[in-house]
1. Looking only at region A:152-169, how many residues end up being under 22 Å from the mean Cα position of the chain (by Cα) and buried (at least 22 other Cβ atoms within 10 Å of the Cβ)?
2. Looking at region A:276-288, can you tell me whether even one residue there is facing chain B (nearest Cβ under 8 Å), open to solvent by less than 50 Å² (accessible area, probe 1.4 Å), over 19 Å from the mean Cα position of the chain (by Cα) and in contact (Cβ under 8 Å) with a residue 12 or more places away in the chain?
3. What's the number of the condition B:Val202 fails, among (1) open to solvent by less than 50 Å² (accessible area, probe 1.4 Å); (2) closer than 25 Å to B:Glu90 by Cα; (3) assigned to a helix (DSSP H, G or I)?
4. So, in region A:49-87, of the ones that are touching a residue at least 24 places away in the same chain (Cβ under 8 Å) and in a helix (DSSP H, G or I), which residue ends up surrounded by the fewest Cβ atoms within 10 Å (Cβ to Cβ)?
5. In region A:258-267, which residues are touching a Phe, Trp or Tyr at 6+ places or on another chain (Cβ under 8 Å) and either closer than 15 Å to A:Gly84 by Cβ or outside any loop (DSSP other than H, G, I, E, B) (or both)?
6. Only one of (1) surrounded by fewer than 16 Cβ atoms within 10 Å (Cβ to Cβ); (2) touching a residue at least 40 places away in the same chain (Cβ under 8 Å); (3) among the aromatic types (Phe, Trp, Tyr); (4) more than 14 Å from every other protein chain (Cβ to nearest Cβ) is not met by B:Trp161, so which one is it?
Amino acid sequence: MSIAQAEATELAIERPVSLSRTALVRLRRNPAAIAGAVIVGLFLLMAVAAPLIAPYGPNESVGGLASTPPGPSAQFWFGLDEQGRDLFSRIVFGARLSLLVGFVAVLVGLSLGLLLGALAGWTGGRTDALVMRSMDLVLAIPPFLLAVGIVTLLGPGVLQVMVAIGLVTVPQFARLLRGSVLAQKESDYVLAGRAIGVPSWRLLLSHVLPNAIGPVIVLATLTMATAIIEVAALSFIGLGPADPSLPEWGRMLAENASRLQNAVHLVLFPGFAVVLLVLGINLVGDGLREALDPKLGR
Amino acid sequence: MLPYIARRLALVVPVLFVTSLVVFLFVRALPGGPAIALLGERATPEAIAAFERAQGLDRPLYAQYGSYLRNVLSGDLGVSTRSRQPVAEELLQRFPATVELTLAAILIAVLVGVPLGFVAAKRYQGPLDQASLVGSLIGISFPVFFLGLLLKYVFAIRLDWFPTTGRYDITSSLDTRTNFLVLDALLAGDGAALADVLLHLVLPAVALATIPLAIIARITRAATLDVLDEDYVRTARAKGLRGAIVDRRHVFANALLPVVTVVGLQTGLLLTGAVLTETVFSWNGVGSWIVEAISYRDYAVLQGGILFFVLVVVLVNLLVDISYAFLNPRIRFR
């Protein structure tokens, strides 16, 4: 039996199973998604167990001040920075910050976007027009510039940065969910629900939303990846979290951008930490997208 | 077609008007102000008041906006509080740098991304397809400024193939008339200067092109896969057309439409990326100008720079919409 045939029989057997269940099965068969999950898992572990994994504290000076910080060695895996702090330890602790920022930013964008999108799609009419036109206006501004603007307004704290990056993503979530809700609204099960007198809010919450949520999950994952890059980018132009003791990857990169000549490890390690984490999240998101696509039953 | 374009162009005016108002208010809502940013935290209240009077910043907001709007309409974007240069003049100096950089990046992204996506779709699920998928994911996972630094380190510092910063060798005698340096070098017929300008352009353009390239490759692949499934492609094959002709006339031509949309949508992303790329490569464009203006609360520069960015995004989207008609005769404008 060829692989295609095997898959066909398997799918035939799984037919009555829910989409989320098939999605999980498909996800487990996708090596790229598994690789992504492993990467994200390792970073999560790093974040949770940072004090156990990092040999030194994030702000502990172990090497003294140096104008040319020493590179990687057996004792200090990633080398030291100009203040004699262990770079490996700082990157391990930095995972906490990056994951937190990504998570909270998505939470902000997702919750506001869901609210506005569901409102617009479900009520329709003028509310819909009003909400969506204002979302279009926001979408016309390049997102990073918008984030820059909001951070300059709110001030440079970790929370402000997370909120700024989250707010920028609201229109995307709102648009996506509005589209899904509109599509679901006219479906037979909603009509049936209305016919037997299910209250409108309950139809929305327990029938329409769960059916519209698949693409939203995918967008949330991919948005988290973008959010992590954007925090680093904000730090890079000097608008990131202001506290200089925070081991923020983007800031570590920015502070040492002029040291490419003599201490390139200070740029390479934080930079690749961002790339690896973002890649992991993107791999998972991409796998999710394929797994949740009902058209891909073939 | 013409009425459609006219109507779309007429819509640009209110959009710019609203944007100018939003940017105007936003810039003034920023904590601190040009007086403190320029005179320092310890400036006396008298000095600040004098500065604000001189700059007209003590007048009510609506009056400030009114005169700002009048000036803008007559082509006067105000004077930078920091450099004391007219913003319009500096914008004319700087925007060619940003346009040159973004155009080069789009060119790279399209010239590499479209064929890559097309070939990947033709070899669906083959090794090349898989490699391009993973490659594009890696591409969009790189922060543009880190990629810039990385390219700079490897190709400029280590290998010394390219210059590290700037737009051209300042010791050269290039006449920077239009400030589109590639054009200037061509106009002067100066081969050495052209080579120098292009060498300076390579690294920033490649850094800026990477993410759009990855996205364009993915969209082209998806669009081509969709078209390959169409009945008319099967018909074309069935009636015995050569594969290359089917690919070119039936598949590629139809797969191009979503690609054009995405190229248009990338403009915002490119301008954003330009802000960061220009900072990494000390490229004197509008992006790095805006970043500097933020810390100096340079109202006029911020207003002018952001308005310029929005204008570019709006116009590019208009061009994209118009280009649909040429690419797809099925679309008719009313």
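1. Going through region A:152-169 one residue at a time, the tally reaches 7.
2. Looking through region A:276-288, none of the residues is facing chain B (nearest Cβ under 8 Å), open to solvent by less than 50 Å² (accessible area, probe 1.4 Å), over 19 Å from the mean Cα position of the chain (by Cα) and in contact (Cβ under 8 Å) with a residue 12 or more places away in the chain.
3. Against the list (1) open to solvent by less than 50 Å² (accessible area, probe 1.4 Å); (2) closer than 25 Å to B:Glu90 by Cα; (3) assigned to a helix (DSSP H, G or I), B:Val202 comes up short only on (1).
4. The qualifying residue surrounded by the fewest Cβ atoms within 10 Å (Cβ to Cβ) is A:Ile53.
5. We begin by selecting, within region A:258-267, every residue touching a Phe, Trp or Tyr at 6+ places or on another chain (Cβ under 8 Å); these are A:260, A:264-265, A:267.
Those that are touching a Phe, Trp or Tyr at 6+ places or on another chain (Cβ under 8 Å) and either closer than 15 Å to A:Gly84 by Cβ or outside any loop (DSSP other than H, G, I, E, B) (or both): A:His265, A:Val267.
6. (2)
Condition check ((1) touching a Lys or Arg at 6+ places or on another chain (Cβ under 9 Å); (2) within 9 Å of chain B (Cβ to nearest Cβ)) across all residues:
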| site | (1), (2) |
| --- | --- |
| A:Gly240 | yes, no |
| A:Leu246 | no, no |
| A:Leu253 | no, yes |
| A:Val267 | yes, yes |
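Conditions tested, residue by residue: (1) surrounded by fewer than 18 Cβ atoms within 10 Å (Cβ to Cβ); (2) out of contact with any strand residue (DSSP E or B) (no Cβ under 9 Å at 6 or more places or on another chain); (3) assigned to a helix (DSSP H, G or I).
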| residue | (1), (2), (3) |
| --- | --- |
| B:Asp76 | yes, no, no |
| B:Ser83 | yes, yes, no |
| B:Glu90 | no, yes, yes |
| B:Ala109 | no, yes, yes |
| B:Leu128 | yes, yes, yes |
| B:Ala131 | yes, yes, yes |
| B:Ile157 | yes, yes, yes |
| B:Thr171 | yes, yes, no |
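The values are calculated or read from the model by the stated rules, or taken from the named source; none is laboratory data. Here the structure is a predicted model, which means the values were calculated and not measured. Here Cβ is always computed from backbone atoms with ideal geometry, including for glycine, and neighbour counts include all displayed protein chains. Surface areas here come from the heavy atoms of the whole protein model, side chains and all, with no ligands, DNA or RNA. Shrake-Rupley method; radii C 1.70, N 1.55, O 1.52, S 1.80 Å.
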